[in-house]
Amino acid sequence: SNKEFINTNKVLDRFVYSVSHDLRSPLTSILCLISFIEEDSREPDTLEQVKMIRSSINRLDGFIRNILSYSQNNRTDRETQEIPIKKAINEIIDSVRNIKEANGISFKIDIDEQYPFYSNWHRFNTVLENLISNAIKYHKKEISGRYLKLTGTSDEEELKLNISDNGMGIASEFHDKIFEMFYRLPGTTEGTGLGLYIVKESIEKMQGSIEIESEKGVGTSFNIKLKNLKV
């Protein structure tokens, strides 16, 4: 019956959340041990092997975090609250500004909050974290003048938000595929193929939409519209 199906999904969702959450603890311990090895060892071969181990663990941790986001997105109800847009964006930017991949990227934020914006905070944060992290991860590393720009306007009806960069870009033939579950661009070894799927699903649950404009070698722009769920 439909009721049994819903209950089964809830049990499965709680199981996935619990397992994913429990897996992160030993990964954190392994990363700590790796840090000790890096500090104590002077052997180039050992350090190179440790670097490979760290890379693999980071990919696994990223996959687990995406599973957690997916699970939380399904578990979260439609509770809404006022979201200070600029403050939320700045907090995420501050959390990623000092990572190695963000070095040299100029962050530009221009948000016109004409009216208080109400939505689900967890989903809103998930969307921003994924899109900002992706923009940094897939930026060009060899050029100057790199930027990540976030502009938007909120009124009584909706929030219009644009996130754009002058990074690697995505060829037009892949624009319809990037939001599919587990899809990764050809030649891409990083990522899990879950991030953008979770972004689109979260936005749809927030009664919004997302569109991509991108050209390979030029950059990417995501246009987002979110309904203002004002109480």
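The values are calculated or read from the model by the stated rules, or taken from the named source; none is laboratory data. Please read these numbers as outputs of a predicted model, since none were measured by experiment. All Cβ positions, glycine included, derive from the backbone under ideal geometry; neighbour counts span all protein chains shown. Keep in mind that these areas ignore ligands, DNA and RNA; they rest on the heavy atoms of the full protein, side chains included. Shrake-Rupley method; radii C 1.70, N 1.55, O 1.52, S 1.80 Å.
In this structure, does Ala171 turn out to be surrounded by 13 or more Cβ atoms within 10 Å (Cβ to Cβ) and within 11 Å of Thr220 (Cα to Cα)?
In short, no.
Working only within segment 198-225, note down all residues that are farther than 14 Å from Ile163 by Cα and either free of Cβ contacts under 8 Å to residues at least 12 places away in the same chain or not in a helix (DSSP H, G or I) (or both).
Those that are farther than 14 Å from Ile163 by Cα and either free of Cβ contacts under 8 Å to residues at least 12 places away in the same chain or not in a helix (DSSP H, G or I) (or both): Glu204, Met206, Gln207, Gly208, Glu215, Lys216, Gly217, Val218.
Are any residues in segment 151-168 part of a loop (DSSP other than H, G, I, E, B) and either open to solvent by 20 Å² or more (accessible area, probe 1.4 Å) or aliphatic (A, V, I, L, M) (or both), and if so, which ones?
Asp155, Glu156, Glu157, Asn166, Met168
Within 26 Å of Lys230 (Cα to Cα) and open to solvent by 30 Å² or more (accessible area, probe 1.4 Å): is that true of Lys140 in this structure?
No; evaluated as a whole, the condition is false for this residue.
Do you know which residues across segment 102-114 are touching a residue at least 40 places away in the same chain (Cβ under 8 Å) and not in a strand (DSSP E or B)?
Of everything in segment 102-114, those that are touching a residue at least 40 places away in the same chain (Cβ under 8 Å) and not in a strand (DSSP E or B) turn out to be Gly104, Ile105, Gln114.
For segment 116-137, what are the residues that are in contact with a Lys or Arg (Cβ under 8 Å, 6 or more places away or on another chain) and open to solvent by 20 Å² or more (accessible area, probe 1.4 Å)?
Answer for segment 116-137, where residues must be in contact with a Lys or Arg (Cβ under 8 Å, 6 or more places away or on another chain) and open to solvent by 20 Å² or more (accessible area, probe 1.4 Å): Pro116, Tyr118.
Name the single residue that is nearest to Leu185 (Cα to Cα) among those in segment 139-155 being in contact with a helix residue (DSSP H, G or I) (Cβ under 9 Å, 6 or more places away or on another chain) and at pLDDT below 90.
His139
Would it be correct to say that Glu82 is over 30 Å from Leu23 (Cβ atoms) and open to solvent by 70 Å² or more (accessible area, probe 1.4 Å)?
It is true that Glu82 is over 30 Å from Leu23 (Cβ atoms) and open to solvent by 70 Å² or more (accessible area, probe 1.4 Å).
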